[in-house]
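First the structure, in the form of structure tokens, and then the observations on it.
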Amino acid sequence: MDTTEKRKVILSGMQPTGGLHIGHLTGALRNWVELQDEYECYYTIVDLHAITVRQEPAKLRRWTLDLAATFLAVGIDPERSHIFVQSHVPEHTQLAWVLNCFTGMGECSRMTQFKDKSQKFPENVNVGLFAYPVLMAADILLYQADLVPVGADQKQHLELTRNLAQRFNHLYSETFKVPEPYIPKIGAKIMNLQDPTKKMSKSDENQSGVLFLVDDDAQTINKIKRAVTDSGNEILFREDKPGISNLITLYHIATGKTIQQIEADFAGKGYGEFKKAVAESVVEFLRPFKERYKEIRANEDYLRNVLIQGAEQARQVASRTLQKVYKKVGFVQL
Ligand code: TRP
């Protein structure tokens, strides 16, 4: 590829609010790794977003470094992509303030995630939670991102980002690139092992149903063996068998075998035998990742250096955009 050609910019963010699980590895993060080949990627750990709900400081600190180590362990390459922590780049909050002044109260109160989270944490419906999508818009617009890989739950926030960019561009002059959503190839959805009708989620109360990337082998095996199954005894991928279907999905991911092949292989065999096979395959699948993660997480100097370098690179781009914005709205430049 011609290196003078400007690559399109991707930005995405992830909250450091809990351990990552196997669904991250096979979903979002796998896409992030692939995107590096074609795009200039900014991957940020959004700690400012995390504090819109209460966090324990020690945990937040640990999870932030855990997440950085995870990015590296799955194959995000700090020589090609920019890995940084949101709070290390003050331009995010600075732009967010300006954008707040161009966002209607109604626009934020319509956001489904705000409504959901206010219901979930009624004792802490704070202004930050309300303005959360505006901060997300700042994350994206600072880097003039062309594309933003997001899950379905974030599409509404991206729509708001586009509206804010267009609004500002019309009121002043062309300032922000209007980003497009990047809808990744749909990977297999992994469900909670204890409640296979719910997606596996890092903040799930039911941790015994979540396969965390940092669980040791015995924990992984135990969780799979204790997974809720369905009535009957056949290994079939069917809507009325959400538990077994979820285990088939896991086995498919871990071994690369097709669903049909798995059903055929386990025809006439019982749940117990199948679970044992799933557990072993998942342990093998996770092994290389876990080894890299352990090594990287243990080297905190290296981790911090990656984040320092990432923040410096991010600031160069972010400060340029912010200066433009400050000038346009009428702030005195010294
Ligand atoms: N809100 C996103 C989530 O919870 C995380 C996020 C913050 C993000 N800023 C972003 C995602 C910018 C994409 C782009 O998943």
| Over the alpha carbons of segment 188-334, what is the largest minus smallest coordinate on each principal axis, giving the biggest first in Å? | 77, 36, 29
| query | At A218 and E79, where each label point lies 7 Å from the Cα along Cα→Cβ, what is the point-to-point distance in nanometres? | reply | 4.0
| message | Taking just the alpha carbons, could you work out the radius of gyration and Dmax for segment 131-261, both in angstroms? | response | 20.4, 65
| Along the Cα-to-Cβ line of L60, 7 Å from the Cα, sits a label point; which residues in segment 81-111 have backbone N less than 20 Å from it? | 84-97
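Once you have the Cα-Cα distance between K115 and Q166, take 0.36 nm times their residue separation minus that, and quote the gain in nm to one decimal. Can you show the working numbers first?
Numbers: separation 51, 0.36 × 51 = 18.36 nm, distance 2.51 nm.
Contour length minus the Cα-Cα distance gives 15.9 nm.
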| Roughly speaking, what is the centre-to-centre gap between segment 1-77 and segment 302-332 when only Cα atoms are used, to the nearest Å? | 18
| request: Quote to one decimal, in nm, the extra length available between K155 and R304 on full extension: 0.36 nm per residue of separation minus the C-alpha distance between them. | output: 50.5 nm
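Find the percent of Cα-Cα distances in the chain that exceed 32 Å, and round it to a whole number. Before the final figure, lay out the partial values.
On the way: 19890 of 55611 pairs.
Cα-Cα pairs of the chain separated by over 32 Å account for 36 percent.
If you stretched the chain out fully between K225 and C101, how much longer would it get, using 0.36 nm times the residue separation minus the C-alpha to C-alpha distance? Could the numbers behind the result be given before it?
Numbers: separation 124, 0.36 × 124 = 44.64 nm, distance 5.26 nm.
Extending this stretch completely gives an extra 39.4 nm.
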| Once both labels are modelled 7 Å past Cα along the beta-carbon direction, what's the T197-Q316 spacing in nm? | 5.3
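What net charge is computed for the residues neighbouring R287, neighbours being all others with C-beta under 15 Å from the C-beta of R287, Lys and Arg scored +1, Asp and Glu -1? Walk me through the intermediate numbers first.
On the way: positive: K290, R292, K294; negative: D215, D216, D217, E280, E284, E291, E295.
Result for the neighbourhood of R287: -4.
How long are the three semi-axes of the equivalent ellipsoid of segment 207-294, in whole Å, if each is the root of 5 times an eigenvalue of the C-alpha gyration tensor, listed from largest down?
On the way: eigenvalues 105, 40, 21 Å².
Result for segment 207-294: semi-axes of 23, 14, 10 Å.
None of the figures in this text is laboratory data; all of them are computed from the coordinates on show. Treat the numbers as computed from the prediction; the structure is a model and nothing was measured. Please note: Cβ atoms are built from the backbone with ideal geometry, for glycine as well, and neighbour counts cover all protein chains shown.
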